[in-house]
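Single-structure report; data block below.
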Amino acid sequence: MRARIRRGCAALAAAVTVLVAAACGLEAGGSVPLRVNPGSIQPIPALEGVRITVGSKDFTEQNILGYLIAFALDAAGAEVRDLTNIVGSNSLRDAQVRGQVDIAYDYTGTGWINYLGNETPVSGSEPQFEAVRDADRTAHGMVWAAMAPMNNTYAMVTSARTAQETGVRTLSDYARLIAADPAAAATCVGTEFNVRQDGFPGMARKYGIDTGKVQKQIVQDALVYQATADARQCRFGSVAATDGRIPSLDLRLLDDDLGFFPQYNAALVMRADFAAAHPQVIELLTPISRLLTNQSITDLNRKVDVEGREPAVVAREWMAAQGFVTIP
C-alpha cells in the first residue's frame with residue numbers, strides 16, 4: 001500500500017532508530033514531533049507521566065492514525081514515545097507482542113487473515129471485528145477495541161471517462177467486459193494485490209473472471225493511480241479504498257456487488273496487560289475512532305499524498321479542528 005512518507009527531523013530520528021535496532025529488536029523511539037495542549041481531552045491523573053509507546057506501519061494512513069493516538073495521549077498527560085513508521089504489518093505486530101509498542105491502530109482483516117491465519121473473511125464489519133477481537137484475545141492476549149467506521153479494504157477503480165465509455169460500475173460489470181473485450185479492460189495491479197488471496201486471484205474466482213483473458217500489468221502500488229487515471233497504460237486498477245489520490249484523480253470505485261473483499265476497519269490494538277493497567281486509554285480514544293470515516297481519513301490521506309504535507313501536521317490539525325486538543 002501507500003509508502004510515500006515525508007517526516008520532520010524528530011520523526012526521522014525515530015525511523016532511523018527503528019532501522020538501526022532492527023537486528024536486535026525495536027527501541028523506545030523518540031518523543032512526539034509536535035506539541036499539543038489539552039482541549040476536550042483534559043489531563044487524566046491515572047495517565048500522568050505514564051510512558052506509552054505508540055506504533056504504526058510505514059504508509060501515510062498508518063502514520064496519521066499513529067499520530068492521532070500520540071496527540072491524544074500527550075494531551076492526557078502521558079509520556080508518549082513515537083515508534084510510528086515501522087516497516088510492514090508483521091514487524092509492527094511483533095513489536096506489539098514483544099512489548100516494544102504499547103498501542104497502534106491495525107485493521108480487522110489483517111488481524112483475521114495475516115495474524116490469525118484464517119483464509120475466509122467474516123462478512124460484515126461488526127462480525128469481522130468481533131471475530132478477530134475474540135480470537136486474538138484467546139490466542140495471543142491481544143485486545144482489539146474502538147473499531148472505526150473507516151474500511152481501508154482493497155478495491156478496483158477506473159477513471160470517470162472509462163466508466164462513462166464502458167458503463168462499468170461494479171465488479172460484475174468489469175468481469176463481463178473482460179469476457180467480451182479484454183483489451184477494453186486492460187488492468188494494472190499492485191505487486192501484492194496480484195498474489196494475495198484477498199486480492200486478484202480470489203476476486204477472479206469470485207467473479208468468474210478467466211485470468212487467461214485478462215490483459216494485466218503488474219506495477220508498483222503507487223503507480224496504479226495515475227496510470228488508471230490516464231487510461232493509456234491501463235483502464236482499471238487495484239487500490240486501497242481510502243487513498244487520497246482516488247478523489248484527487250477523479251477515480252471511481254467499482255462496487256464490490258458480490259461482497260468479495262474483506263473488511264479492513266481500523267481498530268485499536270494493545271496487549272491485554274496494557275489494557276488492564278490503563279483502562280482510561282480505550283475510553284480516551286473511542287471518540288476519535290468514531291469520527292474516522294472513509295471520507296475523513298481519505299481527506300487526511302489526500303493532504304499528505306497529494307498536497308505533500310507532513311502526517312504529524314495533518315493529524316494535529318485534525319485533532320484541533322475536532323476540539324480534542326489545542327495547538328500551542
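The values are calculated or read from the model by the stated rules, or taken from the named source; none is laboratory data. Not measured: the values here are computed from a predicted model. Glycine also receives a Cβ, built like all others from the backbone with ideal geometry; neighbour counts cover every protein chain displayed. Protein only, heavy atoms only, side chains kept; ligands, DNA and RNA dropped before computing areas. Shrake-Rupley method; radii C 1.70, N 1.55, O 1.52, S 1.80 Å.
The share of accessible area on the chain that comes from carbon and sulfur is 50 percent, using a 1.4 angstrom probe. Against the compact-protein benchmark of 2.2 N^0.38 Å, the Cα-based radius of gyration of the chain scales to 1.01.
Could you give log10 I(q)/I(0) at q = 0.11, 0.21, 0.25, 0.29 Å⁻¹ for segment 39-103, computed by the Debye formula over C-alpha point scatterers of equal weight, without solvent? Listed by q, the Debye log ratios stand at -0.25, -0.79, -0.98, -1.15. In segment 174-194, which residues have a backbone nitrogen under 11 Å from the label point lying 7 Å from Ile218's Cα in the Cα-to-Cβ direction? Counting only backbone N, you get 189-194. Taking the square roots of five times each eigenvalue of the Cα gyration tensor of segment 159-221, the equivalent ellipsoid has semi-axes of 19, 14, 11 Å, listed largest first. Full extension of the chain segment joining Gln233 with Glu126 gains 34.7 nm, where the gain is 0.36 nm per residue of separation less the Cα-Cα distance.
Across segment 282-294, rounded Karplus estimates of 3J(HN,Hα) from the backbone phi angles (6.51 cos²θ - 1.76 cosθ + 1.60, θ = phi - 60°) give 5, 4, 5, 8, 4, x, 5, 4, 4, 8, 8, 8, 4 Hz, Gly and Pro being marked x. A 1.4 Å probe run over the chain, with the rest of the protein chains in place, finds 41 Å² accessible per residue. Can you tell me the orientation of helix 221-230 relative to the chain, as the angle in degrees between its alpha-carbon axis and the longest Cα principal axis, to the nearest 10? Taking Cα atoms only, the helix is inclined about 50 degrees.
Based on the alpha-carbon set only, what is the convex hull volume of segment 103-189 divided per residue, in Å³?
Dividing the Cα hull volume of segment 103-189 by its residues yields 135 Å³.
Measuring how big segment 77-230 is from its alpha-carbon positions, Rg and Dmax come out at 18.8, 61 Å.
Dividing the helix sum by the residues of the chain, where each DSSP H run of 4 or more adds -39500 (n - 2.57), gives a mean residue ellipticity at 222 nm of -12000 deg cm²/dmol.
Segment 130-164 and segment 181-228 have Cα centres lying 20 Å from one another.
Could you give me D for segment 189-328, from Stokes-Einstein at 20 °C and 1.002 mPa s, where the hydrodynamic radius is the Kirkwood radius over C-alpha pairs? Units µm² s⁻¹, please.
For these conditions, the coefficient is 120 µm²/s.
Taking amide H positions as modeled 1.01 Å from N, with prolines and chain starts lacking one, the residues under 5 Å from Ala155 and 5 or more places away or on another chain are Val239, Ala241.
Compared with the dominant principal axis of the Cα atoms in the chain, helix 9-20 is inclined by about 80°.
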